[in-house]
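Working notes, structure below.
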Amino acid sequence: MKYVTNIERRSRVEGRVEGQREALRAAALEILEARFVDIPYELREELQALGNETVLKRLPCLAAVATGIADFRSQLHNP
């Protein structure tokens, strides 16, 4: 059985967390693209910069109910 150091264990956890964040961003973008076709580059960059876990978890739902890109963007910044 291979010994796993604390650093390796922590790296794996951090990798999983970042993977979950990326999946939430990707899901929101897929929904937005399906609904509104063209997604501005600035919005894509804005989503990539998000780090708040609570906001990230809301992204797919916000994308699903937004009436437009402007509505999505405004809801993104409202708690």
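The values are calculated or read from the model by the stated rules, or taken from the named source; none is laboratory data. As the structure is a prediction and not an experimental result, all values here were calculated from the model. Cβ atoms come from the backbone with ideal geometry, glycine included; neighbour counts cover every protein chain shown.
Hey, can you tell me all the residues within the range 5-44 that are hydroxyl-bearing (S, T, Y) and at pLDDT below 85?
Passing the criteria: T5, S11.
Give the residue that is nearest to R16 (Cα to Cα), with candidates limited to residues of the range 50-73 that are free of Cβ contacts under 8 Å to residues at least 12 places away in the same chain and hydrophobic (A, V, I, L, M, F, W, C).
Checked the range 50-73; the qualifying residue nearest to R16 (Cα to Cα) is C61.
Consider only pairs whose beta carbons are under 8 Å apart and that are at least six residues apart or on different chains; among these, list those whose first residue lies in the range 1-25 and is within 18 Å of E46 (Cα to Cα) and whose second residue is surrounded by fewer than 11 Cβ atoms within 10 Å (Cβ to Cβ) and not basic (K, R).
Pairs found: R21/G51.
For residues that are assigned to a helix (DSSP H, G or I) and among the β-branched types (V, I, T), scanning just the range 55-72, find the one that is nearest to R44 (Cα to Cα).
Among those that are assigned to a helix (DSSP H, G or I) and among the β-branched types (V, I, T), it is I69.
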